[in-house]
1. Work out which chymotrypsin sites (Phe, Trp or Tyr not before Pro) in the chain are exposed loop sites (DSSP not H, G, I, E or B, at most 15 other Cβ within 10 Å) and give the longest gap free of them.
2. For the stretch 69-117, evaluate the Debye formula with one uniform point scatterer on each Cα (no solvent term) and list log10 I(q)/I(0) at q = 0.26, 0.31 Å⁻¹, rounded to two decimals.
3. Please work out the Kirkwood hydrodynamic radius for the chain, using every pair of different C-alpha atoms, and report it in angstroms with one decimal place.
4. Within a Cβ distance under 9 Å of Ile152, other residues only, what is the Lys/Arg minus Asp/Glu net charge?
5. Hey, can you grab everything whose amide H is under 5 Å from the amide H of Lys114? Only 5+ residues off in sequence or another chain; H modelled, so Pro and N-termini drop out.
6. Give me the net charge of Lys114's neighbourhood, meaning all other residues with Cβ under 13 Å from the Cβ of Lys114; Lys, Arg count +1, Asp, Glu -1.
7. Divide by every residue of the chain the summed helix terms, -39500 (n - 2.57) for each DSSP H run of at least 4, and state the resulting mean residue ellipticity at 222 nm, rounded to the nearest 500 deg cm²/dmol.
8. Tell me, what HN-Hα J-couplings in whole Hz come from the Karplus equation 6.51 cos²θ - 1.76 cosθ + 1.60 at θ = phi - 60° for each residue of the stretch 37-46, using x for Gly and Pro?
Amino acid sequence: MSGIKKASADYLLIMDSDGQCDPKQIFKFWNLRNNGDIIAGYRIKRRDFLYRKFFSDFAKFVYRVFFKVSLKDPSFAFSLIKSRVYKSLINFTPSMPDGFFWEYNARASHKGFKILEVGIQHKKRRFGNTKIFHFWALPSIALINLIGMIKIKFDLINK
């Protein structure tokens with residue numbers, strides 16, 4: 001959030017830096033910038049472990065029920081965001097520390113911003129290993145994110 005709060009450009013691009021996304025795909029986002037408030041990437045062929053995809057699919061089901069946001073890949077950190085969007089979403093404390101984009105997209109959608117999805121090629125991680133999503137840690141991460149979604153749902157209801 002601290003980087004988003006300091007942003008001042010007309011657009012903000014956020015992209016994972018683990019080598020799974022090709023920076024050349026940024027042009028896809030840029031070319032679609034006038035078609036939505038957020039241009040959100042989704043992984044065409046997600047190159048992650050099966051157990052991670054399973055937990056993600058379950059979370060996506062809960063997410064759709066809670067927030068009525070039917071994004072193909074709401075957790076993916078590859079987005080081009082207009083300034084009026086990111087400036088309107090800087091005053092919340094994230095409830096999903098390991099699922100920031102789940103929350104960001106839900107809050108943006110709740111405010112009526114249009115999210116346009118664009119498919120991108122997702123590659124196997126080239127360098128290093130995940131620091132968060134190990135098999136043994138996923139049940140506790142899933143519980144923390146479920147609690148986070150419940151908090152967000154109540155926060156949005158009360159606004």
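None of the figures in this text is laboratory data; all of them are computed from the coordinates on show. Bear in mind the structure is a predicted one, so any value in this text is a computation, not a measurement. Cβ placement follows ideal geometry from the backbone for every residue including glycine, while neighbour counts extend to all protein chains displayed.
1. 1-48
2. Evaluating at q = 0.26, 0.31 Å⁻¹ gives log10 I(q)/I(0) of -1.15, -1.55.
3. By the Kirkwood definition, the hydrodynamic radius is 16.2 Å.
4. Taking every other residue near Ile152 into account, the sum is +1.
5. Asp37, Ile38
6. Charge balance near Lys114 sits at +2.
7. Helices in the chain give a 222 nm mean residue ellipticity of -12500 deg cm²/dmol.
8. Values, residue by residue: 7, 10, 9, 10, x, 9, 7, 5, 10, 5 Hz.
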